[in-house]
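Let me begin by presenting the structure, written as structure tokens, before commenting on it.
The values are calculated or read from the model by the stated rules, or taken from the named source; none is laboratory data. Worth saying up front: this structure is predicted, and the values here are computed from it rather than measured. Here the Cβ positions follow ideal geometry from the backbone for every residue, glycine too, while neighbour counts run over all protein chains shown. Just the protein is used for accessible areas: all its heavy atoms, side chains included, with ligands, DNA and RNA removed. Shrake-Rupley method; radii C 1.70, N 1.55, O 1.52, S 1.80 Å.
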Amino acid sequence: MNRRGWGLGLVLIALTALAGVLALAVGSTGWSGPQAWGADPLAWQIAWEVRAPRSMGAWLAGALLALSGALAQGVFRNPLADPYLLGSSSGAALGVAACLAWLGVGPASADVWVRLGVSGAAFMGSVMAVALTLVLARGVQHTLRLLLAGVVVGVVLGALSALTMLMVPDITRAMQAFMLGTTGFIGWPAVGTMAPVLVVCLLLALGGSRALDAMSLGDAAASSLGVSVTWARWVLVLVLSAATGTAVAQAGLISFVGLVAPHLVRSVVSVTHGALMVLSCLAGGLLLLLADVLARWLIAPQELPVGVLTAVLGGSYLLWRMNRSSGGLT
């Protein structure tokens, strides 16, 4: 990583620390800063048992989605690729819809086993969607076929989710929380799930970063450099799927974070894929953490779905980038 990359990393870490303190102090009931934590045991309990895991979980989910986005854009050599490209979002939605229809409860249920069941259904649905995409694409050798298979799987599974909600209308309202994305249900168990997954996925992704650098020159050039393109693509797609499925299972369908975070990094510094993935994790975690704070504060004591904020802010940023690079929108 060059000097500018190190500088950006330090800035992102510093901003994340400041955002973390802000996230512990801001809630739907207003401001409750460090001065209140020592004087009021209830304020400390809220900060530690509610806001701390939610904030840490938001950062971890954002980091996982950003890592997936950086991997997707590298594997498919497409700057518009996002973590949901292989149908994982539709598969997760179908898994949640099926689980809610079977259990007859919502994801906000106080029963920890219900929450685990919904999260597990989302993860399994995401994994099964990616597996179906890989089967239809006959592997990962042809990226165009893989992309088309992902689109088909996403459309079909999305239709099945809508059909499930039509047949069991009682789950429609409960599904909204998942579809719009929310960090309100994240607790310490979710943090304990996402943290090791992020570490493992990041290490595996860094191990394949040199292969990604070579593959950016084309498959033929990468093969001439001694890279096993098919094997590298298999590993990276599996890492992408695991990271996406874990984040979606805990926070729902949060859009644009995985797409925007790598773009933000590349707009500031030019780095190799290894550095890009680390910086994207830091940027994605910071973005979702700040969006979570805004979601609590904007219309307090009510909360906005964090996925709505990321969609509005992320979409606005991409439109601004398009306008700046092309001199106008077409």
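Go through segment 253-268 residue by residue and tally those that are open to solvent by 10 Å² or more (accessible area, probe 1.4 Å) and over 26 Å from ALA122 (Cα atoms).
So the count comes out to 5.
Which members of segment 142-199 meet the condition of being open to solvent by 40 Å² or more (accessible area, probe 1.4 Å), within 18 Å of VAL118 (Cα to Cα), at pLDDT 85 or above and of a type outside the set (A, V, I, L, M)?
Of everything in segment 142-199, those that are open to solvent by 40 Å² or more (accessible area, probe 1.4 Å), within 18 Å of VAL118 (Cα to Cα), at pLDDT 85 or above and of a type outside the set (A, V, I, L, M) turn out to be PRO169, TRP188, PRO189, GLY192, THR193.
For segment 125-155, which positions are in contact with a Phe, Trp or Tyr (Cβ under 7 Å, 6 or more places away or on another chain) and not in a helix (DSSP H, G or I)?
Start the filter on segment 125-155 by keeping residues that are in contact with a Phe, Trp or Tyr (Cβ under 7 Å, 6 or more places away or on another chain), which leaves 140, 143, 147.
Answer for segment 125-155, where residues must be in contact with a Phe, Trp or Tyr (Cβ under 7 Å, 6 or more places away or on another chain) and not in a helix (DSSP H, G or I): just VAL140.
Please go through segment 280-298 and pick out each residue that is among the aliphatic types (A, V, I, L, M) and over 19 Å from MET194 (Cβ atoms). Steps first, please.
Our first condition is that a residue be among the aliphatic types (A, V, I, L, M); within segment 280-298, this holds for 282-283, 286-291, 293-295, 298.
Result: LEU294, LEU298.
How do the pairs read when you match residues in segment 238-262 that are on the phi > 0 side of the Ramachandran plot with residues anywhere that are buried (at least 24 other Cβ atoms within 10 Å of the Cβ) and hydroxyl-bearing (Ser, Thr, Tyr), using Cβ under 6 Å and keeping only pairs 6 or more apart or on different chains?
GLY252/THR182; PHE256/THR310
Select from segment 1-25 the residues that are at pLDDT below 90 and open to solvent by less than 20 Å² (accessible area, probe 1.4 Å) and write down the one among them that is nearest to the chain's Cα centre (by Cα).
Only one residue fits best here, namely ALA23.
Quick check on this structure: which one of VAL239, VAL312 is at pLDDT 85 or above, of a type in the set (A, V, I, L, M, F, W, C) and touching a Leu at 6+ places or on another chain (Cβ under 7 Å)? First the steps, then the outcome.
On the way: VAL312 fails: touching a Leu at 6+ places or on another chain (Cβ under 7 Å).
The match here is VAL239.
Is it the case that some residue within segment 234-252 is small (Gly, Ala, Ser), in contact with a Ser or Thr (Cβ under 7 Å, 6 or more places away or on another chain), more than 21 Å from VAL96 (Cβ to Cβ) and open to solvent by less than 30 Å² (accessible area, probe 1.4 Å)?
Of all residues in segment 234-252, those small (Gly, Ala, Ser) come to 241-243, 245, 247, 249, 251-252.
Still in the list and also in contact with a Ser or Thr (Cβ under 7 Å, 6 or more places away or on another chain): 241, 243, 245, 249, 251-252.
Within this subset, residues satisfying the condition of being more than 21 Å from VAL96 (Cβ to Cβ) are none.
Scanning segment 234-252, I find no residue that is small (Gly, Ala, Ser), in contact with a Ser or Thr (Cβ under 7 Å, 6 or more places away or on another chain), more than 21 Å from VAL96 (Cβ to Cβ) and open to solvent by less than 30 Å² (accessible area, probe 1.4 Å), so the answer is no.
If the requirement is being in contact (Cβ under 8 Å) with a residue 60 or more places away in the chain and not β-branched (Val, Ile, Thr), which of these qualifies: LEU202, LEU217, LEU225? Can you show your working first?
Working: LEU217 fails: in contact (Cβ under 8 Å) with a residue 60 or more places away in the chain; LEU225 fails: in contact (Cβ under 8 Å) with a residue 60 or more places away in the chain.
Every option except LEU202 fails the conditions.
One line per residue, one yes/no per condition, for (1) out of contact with any His (no Cβ under 6 Å at 6 or more places or on another chain); (2) crowded, with 17+ Cβ neighbours inside 10 Å; (3) among the aliphatic types (A, V, I, L, M):
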| position | (1), (2), (3) |
| --- | --- |
| ALA275 | yes, yes, yes |
| LEU289 | yes, yes, yes |
| VAL293 | yes, yes, yes |
| GLY307 | yes, yes, no |
| SER316 | yes, no, no |
| TRP320 | yes, no, no |
